[in-house]
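The values are calculated or read from the model by the stated rules, or taken from the named source; none is laboratory data. Fair warning: this is a prediction, and the values are worked out from it, not measured in the lab. Cβ coordinates were reconstructed from backbone atoms using ideal geometry, including for glycine residues, and neighbour counts include every protein chain displayed.
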2 protein chains.
Amino acid sequence: MSDATRKGTGRAQPSMSDVAKLAGVAIGTVSNTLNSPEKVTEATRRRVMAAIAELGFVRNDAARSLAAGTSTTVGLVVADLGNSFFVDIARGAEATVRQHGMNLLIANSDVDLAKQSNNLAVFEQARVAGVLLAPLDTPFVEVSARLTSNTPLVLVNYESRRKLYSGVVVDERRGGFLAARHVLDLGRRRLLFVGGPLSLRAVAERYEGAQRAVADVADATLDLVETHGQNIRHGKQAARELVARSNPIAIDGIVAASDLLAIGVIQVFDELADFDVPGDVAIVGYDNNHFASESNVPVSTVSQPGEEMGRLAAELLCEEIAGTAARDKQTVVLQPHLLPRRSSLGDAWRRD
Amino acid sequence: MSDATRKGTGRAQPSMSDVAKLAGVAIGTVSNTLNSPEKVTEATRRRVMAAIAELGFVRNDAARSLAAGTSTTVGLVVADLGNSFFVDIARGAEATVRQHGMNLLIANSDVDLAKQSNNLAVFEQARVAGVLLAPLDTPFVEVSARLTSNTPLVLVNYESRRKLYSGVVVDERRGGFLAARHVLDLGRRRLLFVGGPLSLRAVAERYEGAQRAVADVADATLDLVETHGQNIRHGKQAARELVARSNPIAIDGIVAASDLLAIGVIQVFDELADFDVPGDVAIVGYDNNHFASESNVPVSTVSQPGEEMGRLAAELLCEEIAGTAARDKQTVVLQPHLLPRRSSLGDAWRRD
DNA sequence: GTAACAATTTGAAGCGCTTCATGAATGTCG
DNA sequence: CGACATTCATGAAGCGCTTCAAATTGTTAC
């Protein structure tokens, strides 16, 4: 690399020894004023800071963490940034990580297993202090294959079967249960679960929860329309399918695996104008989607504590990094909350 | 740090010299099989790879980039991950960066200027190959203050006034113009712009564009309702305010600064049931919000090419990193596109 | 004036890697 | 068969930092 082309501008980054030279001190002193200012006289501290400012010195963190053997960044590998649930997790994780004086860097797997493991590899190679993994809802192959390394790793929204990692999850069954029981409490008896595919763990567990709630009530039934995804589009399809089955439809309560599904269903019902929500059919969604609360018929929902999950997971990770973590890996289970709105309560619901 | 507490497990990461020892080769050979396999015999390559696998060796990237003086990661500092526009940018940037054999790490500024500059600092200290910055819509102070460093930096969705950095922006005026002209083309003459605050550059420019379109038509007028933000809530407020001004309202076309605003307006109009959209009032939003296309009345919108912006910005950055960039900084201006849907076309619009 | 001690400062060692001059081994050709 | 390439492998130097034992300076007590 010729001197002229180096780094585009040709001006090389000044190093710590440049700073030391300019300030007329030893290199160790520069390091000290940066890392343990209390070990340095006020006078020399000022001289060093002046030199740093004059040269525009920026500490080389690669060298720092190589020499110190510790890093101050934490990596977060996230299944899908397009999903606001994961953005909430990121936000929570960042807050906690920051409190511990570290930084959070995010890598998006974009619903692609290969990218996910590549992202894990990137963080490991960078020797980050630790990694938070909010993985794809798929078998755990990739993460287990990762056991070669010993970077601390905490899972978010995924439970390590073999207790290899700590993690934070939310009780999906409970969420499904809450949603269904709410509808049942409103006196509805012929329920329907909309969501899918059931091969997704989260969906399956929500469905199970709903089944349990229905089983508790003697004359209640739970039907199922399995979808190919959780978007508005899928909700609309499901609603049309439902109407095609029998019109008027034979149900009076719907538990949807996502708010978007619920919205899709409501929209179709609105169009048909035959079904009143919640008069004829009470509907509960899932996720506390930002839009859902603002939509035409505010959707009752089950709220996932995304930020809290991020915070807790980061807390667990920081413990592992500090070495203060318990020997045994633990999985914290957070409880979802029901947020009843108009799509189930009707006019009884007051916007606050 | 005692041996027992080190790294939690106590098992230290193996180094390249461990691999070299096990494979019975020199350390330089290990480096070569990793970085330039063609310089190494097939036989030794295999021996080395076997040793790597056996030890579970993971290359220390901090040491690598320190020694090599180059990094293989690119940083993206993003104003707000909660906004899907920025997620699109991230997705585009990642695709391009990956094509160049590098990795993309994301840091979220979360609409906080202090975090933004901290994030920039983190990436600089990490000596990433380059940084993409999708900044907050605020004065350029922080980024200029950053001039001390010489990490390549490309802006996304922001134009460097002093041409200090290359960048990719979208022509917001054009977007506003397209939206307004579309409504005018439908024969509407009494238009209203909803959005705000106008101190946001993007909003102001969209408004200007709309004004220009209206100025082109002799008898057309453009009214303004300034909002405090671009959410559904603000749209509802604006609509109520409008109705309060005069009922029936004196306008027949609305250009909104976001799809969410448009949805809010439509929802209020729906409730009142007095105004038909688009019969009485044609509405165009902005952003091609995922949600907007699926809503009850699919919202006509102006689409921002987020992914393309990310791709292009990453392309520019890679050029700067490679040193093949033109001397002068350039700002690429991308054009937004109009996507007419039912909220303006009515039944003439067919879902595809 | 000096010994004893604390407070600062110093600078060499080394973190794990890439690089590259050097050497060894093998092949080629007149 | 010797001279010369060519191909591989070697290992020391050094990237910019942290650390820490040792040197230096300042302070207090006697």
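Summary of values
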| read-out | value |
| --- | --- |
| Scope segment B:284-317; condition closer than 15 Å to residue B:335 by Cβ and hydroxyl-bearing (Ser, Thr, Tyr); matching residues | B:286, B:301, B:303 |
| Segment A:11-38 residues that are within 7 Å of DNA strand C (Cβ to nearest atom), paired with ones that are among the polar types (S, T, N, Q) (beta carbon under 8 Å, 6 or more apart) | A:25/A:44; A:27/A:17; A:29/A:44 |
| Selection within segment A:17-31 - charged (D, E, K, R) and touching a helix residue (DSSP H, G or I) at 6+ places or on another chain (Cβ under 8 Å) | A:18 |
| Subset of segment A:227-254 (residues that are within 25 Å of residue A:185 (Cα to Cα) and surrounded by 16 or more Cβ atoms within 10 Å (Cβ to Cβ)) | A:235, A:238, A:239, A:242, A:243, A:249, A:251, A:252, A:253, A:254 |
| Wholly within segment B:258-352, helices (runs of 4 or more DSSP H) carrying at least 1 residues that are within 14 Å of chain A (Cβ to nearest Cβ), under 24 Å from residue B:160 (Cα atoms) and not β-branched (Val, Ile, Thr) | B:306-322 |
| Verdict on residue B:62 being within 30 Å of residue A:325 (Cβ to Cβ), within 16 Å of DNA strand D (Cβ to nearest atom) and either among the acidic types (Asp, Glu) or within 13 Å of chain A (Cβ to nearest Cβ) (or both) | yes |
| Segment B:58-75 residues that are not assigned by TED's automatic domain parsing to the domain that holds residue B:314 and charged (D, E, K, R), paired with ones that are more than 11 Å from DNA strand D (Cβ to nearest atom) and not in a helix (DSSP H, G or I) (beta carbon under 7 Å, 6 or more apart) | B:61/A:126; B:61/A:127 |
| Of all residues in segment A:320-352 being among the charged types (D, E, K, R) and closer than 27 Å to residue A:288 by Cα, the one that is modelled with the lowest pLDDT | A:352 |
| Condition check for residue A:326: assigned by TED's automatic domain parsing to the domain that holds residue A:159, in contact with a Ser or Thr (Cβ under 7 Å, 6 or more places away or on another chain) and over 26 Å from residue A:203 (Cβ atoms) | no |
| Unique match (being within 23 Å of residue B:297 (Cα to Cα) and at pLDDT below 95) among B:183, B:243 | B:243 |
| Single residue of segment B:22-47 satisfying the filter (away from every other protein chain (no Cβ under 14 Å), among the aliphatic types (A, V, I, L, M) and more than 6 Å from DNA strand D (Cβ to nearest atom)) that is farthest from residue B:68 (Cα to Cα) | B:43 |
| Qualifying residues in segment A:53-84 (those that are farther than 28 Å from residue B:108 by Cβ and hydrophobic (A, V, I, L, M, F, W, C)) - the one farthest from DNA strand C (Cβ to nearest atom) | A:53 |
| Qualifying residue in segment A:74-88 (condition: more than 12 Å from chain B (Cβ to nearest Cβ) and farther than 26 Å from residue B:150 by Cβ) | yes |
| Which numbered condition residue B:309 misses (of (1) surrounded by 24 or more Cβ atoms within 10 Å (Cβ to Cβ); (2) at pLDDT below 95) | (2) |
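For every residue, the table says whether it meets (1) surrounded by 21 or more Cβ atoms within 10 Å (Cβ to Cβ); (2) closer than 18 Å to residue B:156 by Cα; (3) out of contact with any Asp or Glu (no Cβ under 6 Å at 6 or more places or on another chain); (4) not acidic (Asp, Glu).
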position	(1), (2), (3), (4)
B:18	no, no, yes, no
B:43	no, no, yes, yes
B:53	no, no, yes, yes
B:61	yes, no, yes, no
